Amino acid sequence: MSTWFIQIQKDLSKIPDCIDYYNNELENVGLEVSMKGNVEKTSREMPGIVAYRFNQLQELEGILEHLNIEMRRERGRLFRKYLEHYERALSSRDVDKYVDGEQSVLDLQGLINEIAFVRNKYHGLMKALEAKQFQINNVIKLRVAGLEDITL
């Protein structure tokens, strides 16, 4: 298991590498979600596959939350800057508009969006693994009913 969460906490510039890593991982899930091979072996491997992929999903969730915290920190810093150093009094709504237009906020929003996109792909993978487990369960029930030599 990677430690992208820790790396990103220390250095946000690692996010593109993290996104590449997780996208590459998603390219290699074909066998994990396919219905092929021996039922017992496939059923035996499922808990490990689900645990591994769920841990990856949780790491992505942690990275996303860390970025949201960074976004709130940056917005707070800029909000104070505009309220304290602007020539005329600004309403909170005006300050919000200025803050939302700052490049640092836009950059963080872009990073959050990219991580959320990858995270959503992992949600799709988890749904596929759930469907596979459901189908394996159905095949096992058929075997119990007397279809002994069934394969995937």
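The values are calculated or read from the model by the stated rules, or taken from the named source; none is laboratory data. Predicted model only: the values in this text are computed from it and were never measured. Neighbour counts run over all protein chains shown; Cβ positions are idealised from the backbone, glycine included.
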Hey, any hits in region 75-91 for a residue that's touching a residue at least 24 places away in the same chain (Cβ under 8 Å) and either touching a Gly at 6+ places or on another chain (Cβ under 9 Å) or buried (at least 16 other Cβ atoms within 10 Å of the Cβ) (or both)? yes
Given the conditions (1) out of contact with any Phe, Trp or Tyr (no Cβ under 9 Å at 6 or more places or on another chain); (2) surrounded by 11 or more Cβ atoms within 10 Å (Cβ to Cβ); (3) over 25 Å from ASP11 (Cβ atoms), and given that PHE117 satisfies all but one, which numbered condition is not satisfied? (3)
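Let's see how each residue does on (1) on the phi > 0 side of the Ramachandran plot; (2) modelled with pLDDT under 95; (3) not hydroxyl-bearing (Ser, Thr, Tyr):
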site	(1), (2), (3)
HIS85	no, yes, yes
VAL95	no, yes, yes
TYR98	no, yes, no
SER104	no, yes, no
ILE112	no, no, yes
PHE117	no, no, yes
LYS121	no, no, yes
PHE134	no, yes, yes
ALA145	no, yes, yes
Picked from region 26-78 (must be among the β-branched types (Val, Ile, Thr) and more than 17 Å from ALA131 (Cβ to Cβ)), the residue nearest to the chain's Cα centre (by Cα) is ILE63
Within region 123-133, is there a residue that is under 19 Å from TRP4 (Cα atoms), assigned to a helix (DSSP H, G or I) and touching a residue at least 24 places away in the same chain (Cβ under 8 Å)? yes
Here the residues within region 63-115 that are more than 26 Å from TYR22 (Cα to Cα) and either among the small types (Gly, Ala, Ser) or not in a helix (DSSP H, G or I) (or both) are GLY76, TYR86, GLU87, ARG88, ALA89, LEU90, SER91, SER92, GLY101, GLU102
